[in-house]
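The structure under discussion appears below in the form of structure tokens.
Values in this text are rule-based calculations from the coordinates and carry no lab data. Remember, it's a predicted structure, so these values are computed and weren't measured experimentally. As a convention, Cβ positions derive from the backbone with ideal geometry for all residues, glycine included, and neighbour counts pool all protein chains shown.
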Amino acid sequence: MQKKFLFIGFVLLITTTLQLKAQYAETDTTYKRWFIGSTVFLLGNLAPVNPPEFAQLNIGYRITGRDVITLEPKTWKYAWPNGIHPFFNKSYGKSEEKFPGYVREYGISVAYQRFLRKGLYAELNVMPSLQEFVNEEGRKIDNGFQIFNTYRVGYHIKLFKDRFFIQPSIAITHRACHTTLPDGFKQLDDKWSKFVFGEPGFHFGFNL
């Protein structure tokens, strides 16, 4: 838990202390429109217990200096309900809240960013995803579908002469709709909200 708070503190430190010109002028035609990237949460795959087997690739295009659209194919697995905050809720990781197996998801997010002032941006991220429900014996027992939204506020920071950038952020996640979960999964999932508030994010990318 201490490491989690140190990470969040690091994100806040970056957003409040770096004085960089972060985004692009509306009339600037010299900036690189395409970029690729991912998220530092890939490091979660190093966890010794229940690694998420997470993968994500961001492919982005700057429509203007203030408008950006990104496609984000991703996959991961999880064994606790999405409504439990993974950082701030002590119920996350407890055996009594664990699914009788896990959920594997495959999705493609479509994200729209609108830059408000310099590097400050707001983002809407909508992800339809396919779900596979796997029991404790490793056998798939059902399929599902959900739409998972993320409402994000963050800051874009240019590094290394704009070859590289990072985007620390904070978000609200929202399970907007999903099919009925199989028995054993549903009872645990129904206990928790469809929203999670204050989820940190940390994206990075390379301009092409």
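How much net charge surrounds Thr75 when only other residues with a Cβ under 9 Å from its Cβ are counted (Lys, Arg +1; Asp, Glu -1)? Walk me through the numbers on the way to the answer.
Working: positive: Lys74, Lys77, Arg104; negative: Glu53, Glu105.
Surrounding charge for Thr75 is +1.
Counting only GluC sites (Glu not before Pro) that sit in a DSSP loop (anything but H, G, I, E, B) with at most 14 other Cβ atoms within 10 Å, what is the longest stretch of the chain containing none of them? If you can, show how the numbers build up before the last one.
Values: sites that count: Glu26, Glu53, Glu136, Glu137.
That gives 54-135 as the longest site-free run.
What is the fewest-to-most order of Lys158, Lys191, Lys98 by other Cβ atoms lying within 10 Å of their Cβ?
Numbers: Lys158 19, Lys191 11, Lys98 16.
Placing the least packed residue first, the sequence is Lys191, Lys98, Lys158.
Which entries of Lys77/Lys161; Lys94/Lys194; Lys94/Lys186; Lys77/Lys118 show an alpha-carbon separation above 26 angstrom in the structure shown?
On the way: Lys77/Lys161 37 Å; Lys94/Lys194 19 Å; Lys94/Lys186 17 Å; Lys77/Lys118 36 Å.
Going by Cα-Cα distance, Lys77/Lys161; Lys77/Lys118 fall outside the 26 Å limit.
What angle do you read, to the nearest 10 degrees and between 0 and 90, between the alpha-carbon axis of helix 2-17 and the longest principal axis of the chain?
With both axes taken from Cα atoms, the answer is about 20 degrees.
Tell me the mean residue ellipticity at 222 nm calculated for the chain from its helices only (DSSP H runs of n ≥ 4, each -39500 (n - 2.57), averaged over every residue, nearest 500). Provide the component values of the computation, followed by the final result.
Numbers: 2 runs with 21 residues, N = 208.
The helix contribution divided over the chain gives -3000 deg cm²/dmol.
Under the rule a/c < 1.5 gives rounded, and otherwise a/b versus b/c splits prolate from oblate, where does the range 47-179 land using the Cα gyration tensor?
Details: a/c = 2.24, a/b = 1.94, b/c = 1.16.
Since a/c reaches 1.5 and a/b is larger than b/c, the shape of the range 47-179 is classed as prolate.
Hull surface divided by four, with the convex hull built on the Cα atoms of the range 142-208: how many nm²? Intermediate results must be reported in sequence, preceding the final value.
Working: hull surface 25.0 nm².
With every direction weighted equally, the projected area is 6.3 nm².
What's the exposure ranking of Arg117, Arg62, going from fewest to most Cβ atoms within 10 Å?
Values: Arg117 9, Arg62 21.
Ascending number of Cβ neighbours within 10 Å: Arg117, Arg62.
Give me the percent relative contact order of the range 105-177, please, defined on Cα pairs under 8 angstrom at least 6 residues apart. List each step's numbers first, then the result.
Details: 150 pairs, mean separation 19.1, N = 73.
With pairs under 8 Å counted, the relative contact order is 26 percent.
Treat the count of other C-beta atoms within 10 Å as a stand-in for reagent exposure and order Thr39, Thr75 from fewest to most. Numbers along the way, then the final one.
Numbers: Thr39 19, Thr75 15.
Going from sparsest to densest Cβ surroundings: Thr75, Thr39.
Once you place label points 7 Å from the Cα toward the Cβ at Ile36 and Lys191, how far apart are they in nm?
Each label point lies 7 Å from its Cα, and together they span 4.2 nm.
So what is the relative contact order for the chain, in percent, with contacts set as C-alpha pairs under 8 Å and at least six apart? Each step should come with its number before you reach the end.
Values: 470 pairs, mean separation 43.8, N = 208.
Value for the chain: 21 percent.
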